[in-house]
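Read through the structure below, which is laid out as structure tokens, and then see the notes.
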Amino acid sequence: MIPSGIPRLDSFLGGGIPEGKTVMYLIQPEVEGEIFGMQTLYKNLEEGRKGVFITTKSDPQIIKENFEEYGWDISKYGDKLIFVDAYSSLIGSESDAQYLIKNPNDINSYSRIINEIVEESETIITFGSLSSILDLCGDDAIKHVEKWNKMFNANNAIGVYNFTNWPYSEEIKTKLNEIMNAVIRVGGIGERVILGQYYGILKVDWLEKAKGNLMFKIAKPGGVKAFIPKVLVTGPFNAGKSTFVRSLSTRSVSVDRMGTTVALDKGHIEYGDITADIFGTPGQERFDPILKFIANEAMGVFLIIDSTKPESFPRAKSMLEKTRAKGLPLIVVANKQDIQHALSIEEIREKMKLPESIEIVPTDAVKKKGVFEAFEILIKKIEGSG
Amino acid sequence: MFHSKLDINIPKGSNILLSGPPLSGTSMMAKYICLDALERKEAVIYISTKESGEKIQKWVSERTDIKGLGIVDCISKSLRLKTNIEDSNSIKYVSSSVDLTGVSVKYSGLLERFWNIEEYKNIRVTIDSLSTLLMYSNVQTVFRFLHILTGRVKKIDGYGIFTLDEDPENPQVAPIKQLIDIIIKIEKNKIIFSGFGIKEEFEFEIKEGKLIVGGKK
Ligand SMILES: Nc1nc2c(ncn2[C@@H]2O[C@H](COP(=O)(O)OP(=O)(O)OP(=O)(O)O)[C@@H](O)[C@H]2O)c(=O)[nH]1
Ligand SMILES: [Mg+2]
């Protein structure tokens, strides 16, 4: 297996990309998705593997600069990275690439070179844009892609394709989906303009069942970063919500008066390859309108309860019902587990009459015990993989 | 409003082809139309395959405020007009005019930015010119790209304005016309609108860096 280099994707793929397999990033037009193929290639160069990059839209020098924009210096990998230049001939300019495609409109000229360079296992053959090869060579190119994929398979090489999902015919789309081992959709969210981006699993033929969706942001430098725009922390008065937000966050602010929150707690989390913005609500009932307001568009919810205060459970339960009604991913955080007479998870489940499907995670928010475990579990639910 | 000096009503969400024979001044007309929009606090996204982003920005800045102007520059990188080119807030660079995916990503980013600023009443997207795109990609490829862009223009209720340095009756560009609501032709000193049941003609001249338009003919 090789890593995809994309945050969280390897776990959706069952550990990574097995040798001999092909992965296609199916990219919605207008969404910055070609970085996915680049990131997969770069990650593997970093780990000492060999790679090939086939370019159709600019010369290798500009491709190098594009990588640099994300903070990735590929020049240091020398001959571990081979360029196949299918651009320079198109505009009639010189090329110093190792392999030059003399007739970029003829799919056979790609096949000849790909045949030549695929000989070793774990080589990552990256297509900067398969859609532009299709544009140049016509629909018949797909039959060749099918042959390349068989060849990669036989040689234990790995094919990574970027494909911009322009309005091609259904036939083309179906066929493409058929000949790839895995297809990852890269898309945009927003009614009238694109306001957010996500990626999600469409197909993984080496797994029985595969799923997962995640929003991302692109950092320069850094590349694709998983991103969760809104996680909500709610729960009864004094349960430890502000403390929980502080413990998870790399940066945070809360507006408290006399030890109780009168406006929002806000935190920004950077944990592994995930970034998230987290919002804590005030616990007192008079602030319920705020809860309603910010529960909109939340991606997931932590319900914090004070494990030492069963008298607050009915209030907690009614808050839970409110968010559950929205169908949001939710977990219950049983806080203050460090205190002697704290109720156990089983006792809490029993008292609150929570079904097994709702996960309860024990924490001590002050000492940051269990808080990141809780975060992991909620993320898995948000991704749809947990 | 499409233009403050032209007495013509073009519905928002329209996609417009601005055509004329080579050297007839389609690019210049496209810029003057954008200028008029910027002066009226519209946002303009200018996709340029002919002139560098900096040059366009300078031309506009000599005439009006450039706050509402975003440029997608398709040539500076491939012609190496500068080294170490990096995107700025208002100028975004694409590897080459072949890279239509890149163009779509960059205009989309600018759209998101202008969309979130309430001050802009309208957004228009201009390509100058389709003829360059058609030089590097075949007509089906350009069609698929424009299909997405013209759809986006309708969704945001803006205007799409695309220059073409040849006769739109040319059979080679016929497929593209399906995506177009209105055709503007530049003929010598005349500007002719047709489409949506509109057929209007105006005289124009450029005098001391200003576009002067006559009444309807
Ligand atoms: N022992 C112990 N104390 C905790 C824990 N978490 C929070 N506390 C304490 O509980 C009190 C309330 O914590 P906050 O984080 O302010 O609670 P809150 O839910 O934000 O309170 P409101 O905003 O007023 O509803 C503080 O004194 C915290 O130090 C914990 O895990 N163990
Ligand atoms: Mg609080």
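The values are calculated or read from the model by the stated rules, or taken from the named source; none is laboratory data. Just so you know, these numbers come straight off a predicted model, no measurement behind them. As a convention, Cβ positions derive from the backbone with ideal geometry for all residues, glycine included, and neighbour counts pool all protein chains shown.
Filter segment A:174-192 down to the residues that are over 13 Å from the mean Cα position of the chain (by Cα) and away from chain B (no Cβ under 14 Å) and list them by number.
Across segment A:174-192, the qualifying residues are A:Thr174, A:Lys175, A:Leu176, A:Asn177, A:Glu178, A:Ile179, A:Met180, A:Asn181, A:Ala182, A:Val183.
So is B:Thr101 free of Cβ contacts under 8 Å to residues at least 60 places away in the same chain and under 19 Å from the mean Cα position of the chain (by Cα) or not? Give the steps one after another, and end with the answer.
On the way: free of Cβ contacts under 8 Å to residues at least 60 places away in the same chain: yes; under 19 Å from the mean Cα position of the chain (by Cα): yes.
Taking the combined requirement at face value, the residue satisfies it.
Could you please let me know if A:Phe127 is assigned by TED's automatic domain parsing to the domain that holds A:Pro29, of a type outside the set (Lys, Arg), touching a strand residue (DSSP E or B) at 6+ places or on another chain (Cβ under 8 Å) and within 25 Å of B:Ser97 (Cβ to Cβ)? Before the answer, list the steps.
On the way: assigned by TED's automatic domain parsing to the domain that holds A:Pro29: yes; of a type outside the set (Lys, Arg): yes; touching a strand residue (DSSP E or B) at 6+ places or on another chain (Cβ under 8 Å): yes; within 25 Å of B:Ser97 (Cβ to Cβ): yes.
For A:Phe127, the condition - assigned by TED's automatic domain parsing to the domain that holds A:Pro29, of a type outside the set (Lys, Arg), touching a strand residue (DSSP E or B) at 6+ places or on another chain (Cβ under 8 Å) and within 25 Å of B:Ser97 (Cβ to Cβ) - is met.
Write out, first by first residue and then by second, each pair whose Cβ atoms fall under 9 Å of each other, whose residues are 6+ apart or on separate chains, and whose first residue, in segment A:164-179, is under 15 Å from A:Ser132 (Cβ atoms) and in the same structural domain as A:Glu32 (by TED's automatic domain parsing) while the second is of a type in the set (Lys, Arg) and outside any helix (DSSP H, G or I).
From segment A:164-179, the pairs are A:Asn165/A:Arg185.
Confirm whether A:Ser307 is over 30 Å from A:Gly196 (Cα atoms), in contact (Cβ under 8 Å) with a residue 40 or more places away in the chain and hydroxyl-bearing (Ser, Thr, Tyr). Break it down into steps so the answer makes sense when it comes.
Details: over 30 Å from A:Gly196 (Cα atoms): yes; in contact (Cβ under 8 Å) with a residue 40 or more places away in the chain: yes; hydroxyl-bearing (Ser, Thr, Tyr): yes.
It is true that A:Ser307 is over 30 Å from A:Gly196 (Cα atoms), in contact (Cβ under 8 Å) with a residue 40 or more places away in the chain and hydroxyl-bearing (Ser, Thr, Tyr).
Within the bounds of segment A:361-374, is there any residue that is in the same structural domain as A:Val245 (by TED's automatic domain parsing), surrounded by fewer than 16 Cβ atoms within 10 Å (Cβ to Cβ) and at pLDDT below 95? It would help to see each step written out before you state the result.
We begin by selecting, within segment A:361-374, every residue in the same structural domain as A:Val245 (by TED's automatic domain parsing); these are A:361-374.
Going one step further and asking which of them are surrounded by fewer than 16 Cβ atoms within 10 Å (Cβ to Cβ), we end up with A:366-369, A:372-373.
Among the residues that remain, those that are also at pLDDT below 95 are: none.
No, the conditions are met nowhere in segment A:361-374.
Residues in segment A:104-121: is at least one within 14 Å of chain B (Cβ to nearest Cβ), of a type in the set (A, V, I, L, M) and more than 16 Å from A:Gln61 (Cα to Cα)?
no
Condition (residue is surrounded by fewer than 20 Cβ atoms within 10 Å (Cβ to Cβ), at pLDDT below 80 and near ligand 1 (Cβ under 10 Å from one of its atoms)) applied to segment A:295-308: is it met by at least one residue?
No; the residues of segment A:295-308 include none that is surrounded by fewer than 20 Cβ atoms within 10 Å (Cβ to Cβ), at pLDDT below 80 and near ligand 1 (Cβ under 10 Å from one of its atoms).
Please verify whether segment B:186-201 includes one or more residues that are under 14 Å from B:Leu18 (Cα atoms) and in contact with a Gly (Cβ under 6 Å, 6 or more places away or on another chain).
Yes, the conditions are met somewhere in segment B:186-201.
Quick one: would you say A:Leu195 is touching an Asp or Glu at 6+ places or on another chain (Cβ under 8 Å), aliphatic (A, V, I, L, M), within 13 Å of chain B (Cβ to nearest Cβ) and without any contact (Cβ under 8 Å) to a residue 40 or more places away in the chain?
On the way: touching an Asp or Glu at 6+ places or on another chain (Cβ under 8 Å): yes; aliphatic (A, V, I, L, M): yes; within 13 Å of chain B (Cβ to nearest Cβ): yes; without any contact (Cβ under 8 Å) to a residue 40 or more places away in the chain: yes.
When the stated conditions are applied, A:Leu195 passes them.
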